[in-house]
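Visitor: Take a look at this one; I'll ask things after.
The values are calculated or read from the model by the stated rules, or taken from the named source; none is laboratory data. Since the model is a prediction, treat every value here as computed from it, not as a measurement. Here Cβ is always computed from backbone atoms with ideal geometry, including for glycine, and neighbour counts include all displayed protein chains.
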Amino acid sequence: MTTRPGLRERKKAKTRRLLRQEALRLFVAQGYDHTTVEQICDAADVSPSTFFRYFPAKEDVVLMDDDPGPYPEEPARAAGPARPPADDAVRATLRDLLARRVGPDPDTTLARLRLAARVQPLRARLWQHQEAQVTHTAALLARRAGRDANAYEVRLSAAVLVAVTTETLMYWAERDGEPDLTALCARALDHLGALPL
């Protein structure tokens, strides 16, 4: 059973959504480079210090995903060779990465990614976020496959999956949400073939 977030958490989530919504609206209306943090704050009726509590920089209002929390724990497995093959762990992890990056609001995610695809500083900053994602992905892969998260092969596979996720989402955004992400994920998995762990 999931518990409903408290009032404070709901207010913070609402402010975060409002800042992102107003920022995206202004970026579309007047361009990313011509929109200031102060204009975003005026539109959302908050102070710049409030903005920077939610987003460290203007780029982050577009690029930072809302934290969906930790990955769910994998179910306990029986002793013996009950773990899925490494290929299954890779496939499940790629599907999870895409689902988490898109989140519950695909339209907003698509608007953010379209902007990142068209604004070079945003696209460059997007790639800077990759290292933390590789670490999280390696931990998830390791849990699923029964491996050490710091093993070279696990880190290498995690880096590949993070790159594939980013490239798939950018391809999707550049084509205005077509084709369906599920179909793109299947294409990516077919193209990858067996990614050893």
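Visitor: Please tell me if P106 is within 20 Å of Q30 (Cα to Cα) and surrounded by fewer than 17 Cβ atoms within 10 Å (Cβ to Cβ).
Guide: In short, no.
Visitor: I would also like to ask the following. Might you check whether a residue that is modelled with pLDDT under 95 and closer than 20 Å to D107 by Cβ occurs anywhere in segment 71-82?
Guide: no
Visitor: What number of residues within segment 97-108 are in contact (Cβ under 8 Å) with a residue 12 or more places away in the chain and either closer than 13 Å to T168 by Cα or among the hydrophobic types (A, V, I, L, M, F, W, C) (or both)?
Guide: The qualifying residues number 4.
Visitor: So which of A116, A132 ends up being of a type in the set (A, V, I, L, M, F, W, C), without any contact (Cβ under 8 Å) to a residue 40 or more places away in the chain and within 30 Å of D33 (Cα to Cα)?
Guide: One residue alone meets the criteria, A132.
Visitor: Report, by residue number, each residue of segment 134-165 that is surrounded by 20 or more Cβ atoms within 10 Å (Cβ to Cβ) and under 19 Å from D60 (Cβ atoms).
Guide: Selection gives V162, T165.
Visitor: Return a yes/no flag: does segment 113-120 have any residue that is of a type in the set (V, I, T) and surrounded by 15 or more Cβ atoms within 10 Å (Cβ to Cβ).
Guide: Taking segment 113-120 as the starting set, the residues that turn out to be of a type in the set (V, I, T) are 119.
Still in the running and surrounded by 15 or more Cβ atoms within 10 Å (Cβ to Cβ): 119.
Yes, that holds for at least one residue.
Visitor: Could you tell me how many of the residues in segment 26-60 are within 21 Å of the chain's Cα centre (by Cα) and part of a helix (DSSP H, G or I)?
Guide: So the answer is 6.
Visitor: While we're looking at this one, here's another question. When S157 is evaluated against the numbered criteria (1) under 20 Å from R187 (Cα atoms); (2) outside any helix (DSSP H, G or I), which criterion, by number, is the only one it fails?
Guide: The single condition S157 does not satisfy is (2).
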